[in-house]
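So the structure is just underneath, and the comments pick up after that.
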Amino acid sequence: MRLILGLALSLVAVLLPTAVRAGAQQYEPLAASVQAALHAAIADRAAPEPQFPSLQEKLDWLTEMSRRLERRLPDREARLELLKAVHYESKRAGLDPQMVLGLIQVESGFKKYSVSSSGARGYMQVMPFWVRLIGSKDSNLFHLRTNLRFGCTILRHYLDIENGDLYRALGRYNGSLGQPDYPNMVRGAWEKQWGWGPRVIGPR
């Protein structure tokens, strides 16, 4: 009996982190003006070439982040495409690209076609209801740029709701507002795996 109980507890310990990770943004009715603004943000299709203060800083960032991502994404061209898109979409939404990389690590483990038990999709685990609210019928959440555009825009929306409090915004993004597990997991991935310069996050 003790052996069975021990095995059961071990199984729970293994499964719990996965339950925390699964993306599950909650549906909330949006004012027409907010919906229109988010739709406009999603619809803008500017070329995703990341902007850096200098060419050297761009090369340094891409080289270092590519090195860190190599084990998870062996194909070099795919890594660079992802990193450029992450940097572009993050900066466009006023987010730290390294924080977004930490969020992707927690949400999908950098698996493009990841689907959570709640139906969230892609790198940033975006819930399909967002397509109905602010997207268009051809919005494909498994498409790299589409997924990152939706994910970054949604997180920016939650940041605005929470007056810049990233801790609470991350809770909203994951559907676990007020609970520390998810924001702290993103913080841990951000700092330990993707840290690059100063980082700021809300209260623990």
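The values are calculated or read from the model by the stated rules, or taken from the named source; none is laboratory data. Note that the structure is predicted; figures quoted are calculated from it, not measured. Quick reminder, even Gly has a Cβ in these numbers, built from the backbone with ideal geometry, and neighbours come from all protein chains shown.
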* Asked: From Ser114, Ser66, which residue is among the polar types (S, T, N, Q), farther than 15 Å from Gln26 by Cα and touching a strand residue (DSSP E or B) at 6+ places or on another chain (Cβ under 9 Å)?
  -> Ser114
* To do: Could you grab the pairs with beta carbons closer than 6 Å, sequence gap of 6+ or different chains, first residue in segment 51-80 and under 17 Å from Pro97 (Cα atoms), second one part of a loop (DSSP other than H, G, I, E, B)?
  => Lys58/Phe52; Arg79/Leu73
* Asked: Residues of segment 163-182 being under 18 Å from Met124 (Cβ atoms), of a type outside the set (Gly, Ala, Ser) and assigned to a loop (DSSP other than H, G, I, E, B), which ones?
  -> Leu177
* Structure fact -> Note on segment 34-89: residues polar (S, T, N, Q) and under 18 Å from the mean Cα position of the chain (by Cα) are Ser66
* **Leu133 at pLDDT 95 or above and not in a loop (DSSP other than H, G, I, E, B)** => no
* Asked: What single numbered condition from (1) closer than 25 Å to Pro74 by Cβ; (2) touching a Lys or Arg at 6+ places or on another chain (Cβ under 8 Å); (3) not polar (S, T, N, Q) fails to hold for His143?
  -> (2)
* Asked: Does segment 10-33 include one or more residues that are at pLDDT 90 or above, assigned to a helix (DSSP H, G or I) and out of contact with any helix residue (DSSP H, G or I) (no Cβ under 8 Å at 6 or more places or on another chain)?
  -> no
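If the requirement is being within 15 Å of the chain's Cα centre (by Cα), over 24 Å from Ala31 (Cα atoms) and of a type in the set (S, T, N, Q), which of these qualifies: Asn174, Asn147, Asn184?
Asn184
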* Filtered residues of segment 87-130 (kept if free of Cβ contacts under 8 Å to residues at least 12 places away in the same chain and aliphatic (A, V, I, L, M)) -> Val115
* Applying the selection to segment 58-102, what residues are acidic (Asp, Glu) and either closer than 17 Å to His143 by Cβ or out of contact with any Gly (no Cβ under 9 Å at 6 or more places or on another chain) (or both)? -> Asp60, Glu64, Glu70, Asp75, Glu77, Glu81, Glu89
* Structure fact -> So, first residue closer than 15 Å to Arg68 by Cα and at pLDDT below 95 in segment 185-199, second residue surrounded by 14 or more Cβ atoms within 10 Å (Cβ to Cβ) and aromatic (Phe, Trp, Tyr), Cβ within less than 8 Å, six or more apart or across chains; the pairs are Trp196/Trp61
* Asked: Of the residues that sit in segment 35-76 and are among the hydroxyl-bearing types (Ser, Thr, Tyr) and in a helix (DSSP H, G or I), which one is surrounded by the most Cβ atoms within 10 Å (Cβ to Cβ)?
  -> Ser66
* Do we have any residue at all in segment 138-154 that's assigned to a loop (DSSP other than H, G, I, E, B), under 21 Å from Asn184 (Cβ atoms) and out of contact with any strand residue (DSSP E or B) (no Cβ under 7 Å at 6 or more places or on another chain)? -> no
